[in-house]
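Here's the structure, in structure tokens; my notes come after.
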Amino acid sequence: MRNMRMPMARRRAMAVVAAVLLAGAVAACGNSDTGSGGDGGDDGKLVLGFSQVGAESGWRTANTNSIKEAATEAGIELKFDDAQQKQENQIKAIRNYIQQKVDVIAFSPVVESGWDTVLKEAKDAGIPVILTDRAVDSADKSLYKTFLGSDFVKEGRLSGEWLVENKKDATGDVNIVELQGTTGSAPANDRKKGFAEAIAADPKLKVIASQSGDFTRAGGKQVMEQFLKAHPKIDVLFAHNDDMGLGALEAITAAGKEPGKDITIITIDAVKDGMQALADGKFNFIAECSPLLGPQLMDLAKKVHAGEEVPPRIETEETTFTQEQAKEALPNRKY
Ligand code: GZL
């Protein structure tokens, strides 16, 4: 029987071809073009892409600091973008993170609506998304892994409940003006809702004007000036954050009225400048909203990257402050 064995040289050539083909197949499986998300930074670090609302308030500054410090502490490579309060900038940043194949994307949505398309792009790219601080109104809850932040309705409700208790003996109507946060944002929508539900308990309490000051001091001052010109009798200001309340202080003083006495002032956040105004008697009540989300965010990023289950919603611990409580708490405030 003729020797049917293949010549040695030919066998070697076939082995080389097989090895090359096998190596190519292995390389293709590891290619993240298959939508398997990121594969970590060059040094193996988890890469987190974060889109921040902007730098509109003391709360936002404290929130940004918390996120940056926590990323360093956690050994996470943070890619950070400031959207200057524009949704289109946040969408652009999220698309950049998808292109860069980061491991996890997190963001604080400046407004509640308009996120489904870009969140679907992240999902199709296999990159998990974490919402921090503010929520989105997407019906499809699979578009993000979890929400980490506050219960804004509760913050508004606590503010209203304090006012009901403190104005229960008032005679005649109590005229309230409201400085809303950024139009369309979850904190503005929910704080307004919670406050309105609470003050419905007392028909004397009437919101006579309500307008957005966009969470900034300048916005608060400008809108409060308009309120003061349009309404001779204002008894209460409810501001959705300290910064708008602090801006309003300038307008109230310029109008010859005493903040904290002629006009009762309720705000939300409890950043240092707001707590100082409360301790000084210019504000009357603050509902806290904690910006210190950094450490929890980093822990969640590691968990979702590892494919671990996380709760769909994680709420931060918060409290409220009166003038006396602010005096006691100020020395130990972290932000
Ligand atoms: C609330 C946050 C709000 C703060 C404002 O979690 O989104 O945005 O209350 C900030 O101070 O601008």
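Looking only at the stretch 195-238, which residues are under 22 Å from LEU158 (Cβ atoms), surrounded by 23 or more Cβ atoms within 10 Å (Cβ to Cβ) and within 16 Å of the ligand (Cβ to nearest atom)?
PHE195, GLY213, PHE215, GLY220, LEU237, PHE238
Which of the residues that make up the stretch 276-328 are under 30 Å from PHE107 (Cβ atoms), assigned to a helix (DSSP H, G or I) and in contact with a helix residue (DSSP H, G or I) (Cβ under 9 Å, 6 or more places away or on another chain)?
Selection gives GLY294, PRO295, GLN296, LEU297, MET298, ASP299, ALA301, LYS302.
Name the strands (runs of 3 or more DSSP E) wholly within the stretch 126-186 that hold at least 2 residues that are closer than 13 Å to PRO312 by Cα and open to solvent by less than 10 Å² (accessible area, probe 1.4 Å)?
129-133, 146-149
Would you confirm, using the coordinates I've provided, whether ALA106 is among the small types (Gly, Ala, Ser) and within 15 Å of the ligand (Cβ to nearest atom)?
yes
Of the residues PRO291, PRO312, PRO331, only one is open to solvent by 20 Å² or more (accessible area, probe 1.4 Å), under 18 Å from the mean Cα position of the chain (by Cα) and not aliphatic (A, V, I, L, M); which?
PRO312
I'd like the full set of residues that are within 16 Å of the ligand (Cβ to nearest atom), under 27 Å from ASP169 (Cα atoms) and touching a helix residue (DSSP H, G or I) at 6+ places or on another chain (Cβ under 6 Å), limited to the stretch 243-260.
Matches in the stretch 243-260: ALA248 only.
Run GLN84 past the list (1) more than 16 Å from the ligand (Cβ to nearest atom); (2) open to solvent by 50 Å² or more (accessible area, probe 1.4 Å) and report the number of the one that doesn't hold.
(1)
Quick check on my filter: what residues within the stretch 214-271 are in a loop (DSSP other than H, G, I, E, B) and under 20 Å from the mean Cα position of the chain (by Cα)?
Within the stretch 214-271, ASP214, PHE215, THR216, HIS240, ASN241, ALA270, VAL271 meet the criteria.
Limited to the stretch 45-69, what total is found for residues that are outside any helix (DSSP H, G or I) and either modelled with pLDDT under 95 or more than 7 Å from the ligand (Cβ to nearest atom) (or both)?
Qualifying residue count for the region: 10.
Starting from the stretch 198-225, take each residue that is at positive phi and list its partners that are open to solvent by 40 Å² or more (accessible area, probe 1.4 Å) and within 12 Å of the ligand (Cβ to nearest atom), counting only C-beta distances under 9 angstrom and pairs at least six apart or across chains.
ASP214/GLN85; PHE215/GLN85
Within the stretch 184-205, how many residues are over 17 Å from GLU165 (Cβ atoms), out of contact with any His (no Cβ under 6 Å at 6 or more places or on another chain) and charged (D, E, K, R)?
3
The values are calculated or read from the model by the stated rules, or taken from the named source; none is laboratory data. Computed from a predicted model, the values in this text were never measured in an experiment. Cβ coordinates were reconstructed from backbone atoms using ideal geometry, including for glycine residues, and neighbour counts include every protein chain displayed. For accessibility, only protein heavy atoms count, side chains too; no ligands or nucleic acids. Shrake-Rupley method; radii C 1.70, N 1.55, O 1.52, S 1.80 Å.
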